[in-house]
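Peer 1: Take a look at this one; I'll ask things after.
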Amino acid sequence: MTHAEIDKLVRGFIVDTATADANPRVQEVVVRLLSDLFKAIEDLDLSPTEIWKGLEYIAESGATQEIGLLAAGLGLERFIDIRADEAEAKAGITGGTPRTIEGPLYVAGAPESVGYARLDDGSEVDQGEVLLMQGTVYDSHGTPLPGAKVEVWHANLMGNYSFFDKTQPDFHLRRTIITDADGRYQFRSIVPAGYGCPPNGTTQRLLDLLGRHGRRPAHIHFFVSAPGHRKLTTQINIDGDEYLWDDFAFASREGLVPPIERVSDPKKLEGLGLQKPYASIDFDFRLNAEKAGIPPAEVDRHRAAA
Ligand code: MBD
Ligand code: FE
């Protein structure tokens, strides 16, 4: 079939069959996606078996909770970010902390505290490296923002996230920190390890067929929000990771790889009750003011809650 014939066929299937008011946006999107799919089937001469294997793949990806992982690994989530950056640049919004993808592993409802939180339960102190991370949340004029909300989450030394990994306590390595009167936050945790896709899962199986790996460099996720400001979704990377610029989810960005300092000053160790050197990261967040005429940075997507 020609593409024009396919366009006609799809309109016949989807538009001409409507007997009640269609939602125009849904109709336009379905017609477009279905037409593009049919054209791809025609151009690539997909066999019925290939088409059904594809549908079964999507079904299995959903049934095993890997759709979010697939979206990250195919670059769809990064593409959404590139478009959000473009929309902001067009609206004259520039200069804040770079955004990068949320990923599929946020859990709402983490314990909240002001100024400081400890994220880890101490179970990995012996095998891992203690991390202190701190900084200030600023507005676009460089004024500190007291009362800003810093939501932080990261993986353990196995690369696993609490909630999804039921061997970890509830909200392990997840906290909400409200900045203090000077706009500052600090947390203590463990330097996380990188992540690898479940080796037998749908996402990794497709990556294998594409000759790609499913690894993420070690990273820490953040939502940073304050009234009147655009919500920032971002991550920082742990410098030195072998996958730093080879992330299967394409989330590494200039400006999100702060220096990591190793502290061995005995007085500082003593103050923290530590017997060995620890890692320290200073990182400030800069939020952009909310602006009319551009969609809010907050994204409505299904998130786990505990
Ligand atoms: C992660 O930890 C993550 O952040 C993303 C985007 C995908 C898989 C695991
Ligand atoms: Fe992650």
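Peer 1: By average Cβ neighbour count within 10 Å, what is the ranking of 98-105, 32-39, 174-181 from highest down?
Peer 2: Packing order, densest peptide first, comes out as 98-105, 174-181, 32-39.
Peer 1: While we're here: What is the antiparallel percent of DSSP beta bridges lying wholly in the chain, to the nearest 5?
Peer 2: 65 percent
Peer 1: What ratio of Cα Rg to 2.2 N^0.38 Å holds for segment 74-158?
Peer 2: So segment 74-158 has a normalised radius of gyration of 1.40.
Peer 1: With springs only between Cα atoms under 10 Å, which of Ala72, Ala84, Ala251 fluctuates most in a Gaussian network model of the chain?
Peer 2: Ala84
Peer 1: Sequence neighbours fewer than 8 away in the same chain don't count; with that in mind, list the lysines whose C-alpha is under 24 Å from Lys39.
Peer 2: Straight-line reach from Lys39, under 24 Å: Lys8, Lys53.
Peer 1: Treating only the Cβ of Lys, Arg, Asp and Glu as charged (+1, +1, -1, -1), what charge dipole size does the chain show about its Cα centre? Round to the nearest 20 debye.
Peer 2: 520 debye
Peer 1: Only helical DSSP H runs with n ≥ 4 go in: add -39500 (n - 2.57) per run for the chain, normalise by residue count and round the 222 nm mean residue ellipticity to 500 deg cm²/dmol.
Peer 2: Taken over the chain, the calculation gives -9000 deg cm²/dmol.
Peer 1: From the cross-link list Lys166/Lys231; Lys90/Lys231; Lys90/Lys291, which pairs have alpha carbons spaced over 20 Å apart?
Peer 2: In this structure, Lys166/Lys231 exceed 20 Å between Cα atoms.
Peer 1: By how many nm would the segment from Phe79 to Ser264 grow when fully extended, if each residue of separation counts as 0.36 nm and the alpha-carbon distance is taken off?
Peer 2: Working it through step by step, the gained length comes to 62.5 nm.
Peer 1: Hey, rough spin-label estimate for Glu112 and Asp165, points 7 angstrom out along Cα→Cβ, what's it come to in nanometres?
Peer 2: If labels sit at Glu112 and Asp165, their model points lie 2.8 nm apart.
Peer 1: What is the distance in Å between the Cα centroid of segment 236-302 and that of segment 92-107?
Peer 2: What the calculation gives is 12 Å, centre to centre.
Peer 1: Can you give the FRET efficiency to the nearest 0.05 for Ala306 and Lys39, using r as the Cβ-Cβ distance and R₀ = 35 Å?
Peer 2: According to the calculation, E is roughly 0.20.
Peer 1: Compute the FRET efficiency between Ile294 and Trp245 as 1/(1 + (r/R0)^6), taking r as their Cβ-Cβ distance and R0 = 25 Å, and round to the nearest 0.05.
Peer 2: The value I calculate is 0.25.
Peer 1: Taking Cα atoms of the chain, Rg/Rh with Kirkwood Rh, to two decimals?
Peer 2: 1.04
Peer 1: In nanometres, what is the gap between the two model label sites at Ala91 and His213, each 7 Å from Cα along Cα-to-Cβ?
Peer 2: The modelled label-to-label distance comes out at 3.7 nm.
Taken together, the values in this text are just the output of simple stated rules run on the coordinates, not laboratory data. Predicted, not measured: the structure shown is a model, and the values here were computed from it. Reconstructed Cβ throughout: ideal geometry from the backbone, glycine too, with neighbour counts over all protein chains shown.
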